[in-house]
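Encoded as structure tokens, the structure appears first; notes follow it.
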Amino acid sequence: MNADTSGPQAGPHAGPHAVVVGGGITGLAAARRLLAAGARVTLVEAGGRLGGKLLAGEIAGAPVDLGAESLLARRPEAVALAEAVGLGDRLQTPGTTTASVWSRGRLVPMPKGHVMGVPGDAGAVAGLLSEEGLRRIGRDSELPPTEVGDDTAIGAYVAERMGREVVDRLVEPLLGGVYAGDAYRISMKASVPALFEAARRHPTLTGAVRAVQAAGAAVPADVAGAATGLGGAAFAGLAGGIGTLPGAVADAVRAAGGTVLTDTPATALLRAGTGWRVVTPGRTLDADAVVLAAPAPVAARLLGGHAPDAAALLAEIAYASMALVTLAFRRADLPDLPGSGFLVPPVDGHTIKASTFSSQKWRWVGEAAPELFVLRTSVGRHGEETWLHRDDEDLVAASLKDLGAATGLAARPVATTVTRWAGGLPQYPVGHLDRVARARTALAGLPGLRLAGAAYDGVGIPACVASAHRAADAVADEIIATSETGHPGAGHSS
């Protein structure tokens, strides 16, 4: 086995060694946290770049995000991380939070007074729903209570209480922006936990929504151009793009003495005494602890020989693929486009599921290229991904067709780029949280090993950072304490 001498702190007197598998924002945040706790850290990333689904790029000379483009500002973890790595002065709230829904052939202003699309009364969604749909919401108060049990699909539950139109015209497009999934399968407990808990306490769904609103609860979501309707700054971005965050965190990791290796897939995970051995094609790393921050299928493969039950559970986690089509136009060629963009109900049968008007949503985009107008569309969701196999030209043409129908846009773009995210979004069906809990229970007998990432604890950037910190804190507590009494694997590699 090749010796690893890459860590600047490597040596017999170094602190305990932790290996992080995965160089997305979760893995980077975990590495930084472990270094702060006093561990020696090596991060291995299979691909040639860091950041996972966070990717900064450019189009026609204008800087843009080609992956996730905002973070939930009502949770503190991601904002705090950006500030800690020197990006605090680049945090921006959206230039506009006014969004629309493209429904039945027209753009309708995004309703307010709802929780992830579920209204507290029919008036909140007037203008978007039909008269029959509005009357159906009113019947929620006449229905006997619906048992939600240990979990339930949010689409099915809302449809039973308020009718399918609420789901199809609002809940579905909102959740589609978060999970690229099917609202009739997505777990309410996992996706909208505040509403799930309220629904267990209140006999009506409208009563549950009002309770969440009264409590000022923020519902996790990362939907381009849309807010929950609960008030406050729901989202934030970074001047230059959210995609610049991973590089800043990686720089902080290196500055603190950590080692970051790209093009270094973990091919095997072996038990080595009381520690672990991470095998890669070029080197083998002995570690006192390992944080698996790679996608669930990778974690399942690495765990198969140690915890087959956990590996089987992780292998069941499905992922959706999607594509982002980024388009740059001459600003003078465009009609007036409203707000930050629009969402698209899948029930209407269009190709795109959302469009973000980046030059209006983010001041830094407009300031960097004032003569251009940059926007993007998203295509694909779980189970409906055939479009992703089409050529880039087809995706651009389909996007332009839908944009024209929705907004009257007839101009030709001066530049286009298509970014495909294969297996980009883990799915949270009914029972997901229980599955994750059972997998973690199955791993409890393996000291110094933790899971972290979007597949387990939430798909938004703050949720990923929080997951990373919990995993890092847990293994740090184990290895720092044991190293003080002479842990036999502390601080060496082979």
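The values are calculated or read from the model by the stated rules, or taken from the named source; none is laboratory data. A quick note: this is a predicted structure, and the numbers were derived from the prediction, not measured. Methodologically, a virtual Cβ is constructed for each residue, glycine included, from the backbone with ideal geometry; neighbour enumeration extends over all protein chains shown. We work out accessible area using only protein heavy atoms, side chains counted, and drop any ligands, DNA or RNA first. Shrake-Rupley method; radii C 1.70, N 1.55, O 1.52, S 1.80 Å.
Data overview
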read-out: Hits in segment 191-216 - residues which are open to solvent by 20 Å² or more (accessible area, probe 1.4 Å) and in a loop (DSSP other than H, G, I, E, B); value: His202, Pro203, Thr204, Gly216
read-out: Criterion: crowded, with 23+ Cβ neighbours inside 10 Å and in a helix (DSSP H, G or I) - qualifying residue of Val365, Val290, Val347; value: Val365
read-out: Tally of residues being touching a helix residue (DSSP H, G or I) at 6+ places or on another chain (Cβ under 8 Å), surrounded by fewer than 20 Cβ atoms within 10 Å (Cβ to Cβ) and within 21 Å of Thr356 (Cβ to Cβ) across segment 96-105; value: 2
read-out: Residue match in segment 325-338 (condition: in a helix (DSSP H, G or I) and in contact with a strand residue (DSSP E or B) (Cβ under 7 Å, 6 or more places away or on another chain)); value: yes
read-out: Segment 104-129 residues that are touching a residue at least 12 places away in the same chain (Cβ under 8 Å), paired with ones that are charged (D, E, K, R) and assigned to a loop (DSSP other than H, G, I, E, B) (beta carbon under 7 Å, 6 or more apart); value: Ala124/Lys112
read-out: Residue pairs meeting the criteria (Cβ under 7 Å; at least 6 apart or on separate chains; first over 18 Å from Gly67 (Cα atoms), in segment 400-421; second modelled with pLDDT of 95 or more and assigned to a helix (DSSP H, G or I)); value: Leu409/Leu403; Ala410/Gly404; Ala411/Asp333
read-out: Selection within segment 278-313 - farther than 18 Å from Val20 by Cα and in contact (Cβ under 8 Å) with a residue 60 or more places away in the chain; value: Ala307, Asp309, Ala310, Leu313
read-out: Residue in segment 106-116 that is at positive phi and open to solvent by 30 Å² or more (accessible area, probe 1.4 Å) present; value: no
read-out: Selected residue (criterion: nearest to Leu43 (Cα to Cα)) from residues of segment 301-320 that are crowded, with 19+ Cβ neighbours inside 10 Å and over 20 Å from the mean Cα position of the chain (by Cα); value: Leu302
read-out: Residue list for segment 470-480, filter: under 18 Å from Ala294 (Cβ atoms) and surrounded by 21 or more Cβ atoms within 10 Å (Cβ to Cβ); value: Ala471, Ala472, Val475
read-out: Some residue of segment 120-138 being assigned to a loop (DSSP other than H, G, I, E, B), open to solvent by 30 Å² or more (accessible area, probe 1.4 Å) and of a type in the set (S, T, N, Q); value: yes
read-out: Which numbered condition Val108 misses (of (1) modelled with pLDDT under 95; (2) part of a strand (DSSP E or B)); value: (1)
read-out: Only listed residue being under 25 Å from Val64 (Cα atoms) and among the basic types (Lys, Arg), chosen from Arg277, Arg271, Arg330, Arg301; value: Arg330
read-out: Failed item in (1) buried (at least 24 other Cβ atoms within 10 Å of the Cβ); (2) modelled with pLDDT of 95 or more; (3) on the phi > 0 side of the Ramachandran plot, with Met188 passing the rest; value: (3)
